[in-house]
Amino acid sequence: MTIQLHCFGESGNAYKAALTLTFCGLDWDPVWVDFFGGGSKDPEFLALNEMGEVPVMVDGDLVLTQSCVIQLHAAERTGKLLDGDRAEILRWLFWDAQKGSGQQGALRFMTNFLPEEKRSAGAIEWLSGRVASSLKVLDRHLDGRDWIAGDSPTIADTAACGYLYYPEPFGYDADRFPAIAAWLARIAALPGWKHPYDMMPGHPSDRA
């Protein structure tokens, strides 16, 4: 049975799972969640994930939520994207959840998708500083190395890149972070890579 991934194109967390499933060679189909229409709060969806968040992976009777969990499952099932020191891979996976995607996603949502009258200037200023700081950490780490946690791509890479391919501005600038830009190009050159808006259904223009 083909894996189903409940997702939407604007979600960098869903993209992390989708990209990992793809690079691991697993067959999967996207199931669009109408997040901006309240789809993640529907009773049917909440029955899959009480947290009301994407991604959700359904593989027969197995239901997994949270992108890191789905990434680990796919990598361990296939033996791919784990070629490196496990502690280092997990260190960056958890770093991304807290300092990377965890902050980038919130800032991108506030500055691009939240109605202007609901945007908090103080929260945006605070998050902008946090995102800039975390991007500096990642850029320094990638300076002089091809991949985050080893000599080949791992789930640390598919986690930390989750929001960085999106065109909506939220603090990432390729000119300011050249090591990140070069690393993103290496990931994009891997077989099977697609931009998040091509890999998953859902695009801001759908609501224009």
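The values are calculated or read from the model by the stated rules, or taken from the named source; none is laboratory data. What you see is a predicted model, and the numbers here were worked out from it, not measured in a lab. As a convention, Cβ positions derive from the backbone with ideal geometry for all residues, glycine included, and neighbour counts pool all protein chains shown. Note: areas computed on protein heavy atoms with side chains; ligands, DNA, RNA excluded. Shrake-Rupley method; radii C 1.70, N 1.55, O 1.52, S 1.80 Å.
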So if I check each of ALA156, ALA132, ALA188, ALA182, which one is touching a Phe, Trp or Tyr at 6+ places or on another chain (Cβ under 8 Å), in contact (Cβ under 8 Å) with a residue 24 or more places away in the chain and either open to solvent by 80 Å² or more (accessible area, probe 1.4 Å) or not acidic (Asp, Glu) (or both)?
ALA156
Within the set of pairs 6+ apart or on separate chains, which have a first residue in region 89-104 that is closer than 18 Å to TYR15 by Cβ and in contact (Cβ under 8 Å) with a residue 40 or more places away in the chain, a second that is assigned to a loop (DSSP other than H, G, I, E, B) and open to solvent by less than 40 Å² (accessible area, probe 1.4 Å), and C-beta atoms under 7 Å apart?
TRP92/ILE148; TRP92/ALA149; SER101/GLY162; SER101/TYR163; GLN104/TYR163; GLN104/PHE170
What are the residues in region 135-151 that are open to solvent by less than 20 Å² (accessible area, probe 1.4 Å), over 13 Å from ARG176 (Cα atoms) and not in a loop (DSSP other than H, G, I, E, B), if any?
LEU142
Any idea which of (1) closer than 25 Å to VAL33 by Cβ; (2) in contact (Cβ under 8 Å) with a residue 40 or more places away in the chain; (3) in a helix (DSSP H, G or I); (4) not small (Gly, Ala, Ser) is the one LEU164 doesn't satisfy?
(3)
Output yes when any residue across region 79-90 is within 21 Å of HIS203 (Cα to Cα) and among the aliphatic types (A, V, I, L, M), and no when none is.
no
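Just to be sure before I move on: is ARG108 open to solvent by 40 Å² or more (accessible area, probe 1.4 Å), closer than 26 Å to ARG207 by Cβ and charged (D, E, K, R) in the structure I sent?
no
Yes/no per residue for (1) within 15 Å of the chain's Cα centre (by Cα); (2) part of a helix (DSSP H, G or I); (3) closer than 26 Å to GLU88 by Cα:
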| site | (1), (2), (3) |
| --- | --- |
| SER128 | no, yes, no |
| PHE170 | yes, no, no |
| ARG176 | no, no, yes |
| ASP198 | yes, yes, no |
| SER205 | no, yes, no |
Exclusive hit being touching a Pro at 6+ places or on another chain (Cβ under 8 Å) and not small (Gly, Ala, Ser), set ASP151, ASP96, ASP139
ASP139
Could you please let me know if ALA132 is over 26 Å from ALA75 (Cα atoms) and small (Gly, Ala, Ser)?
yes
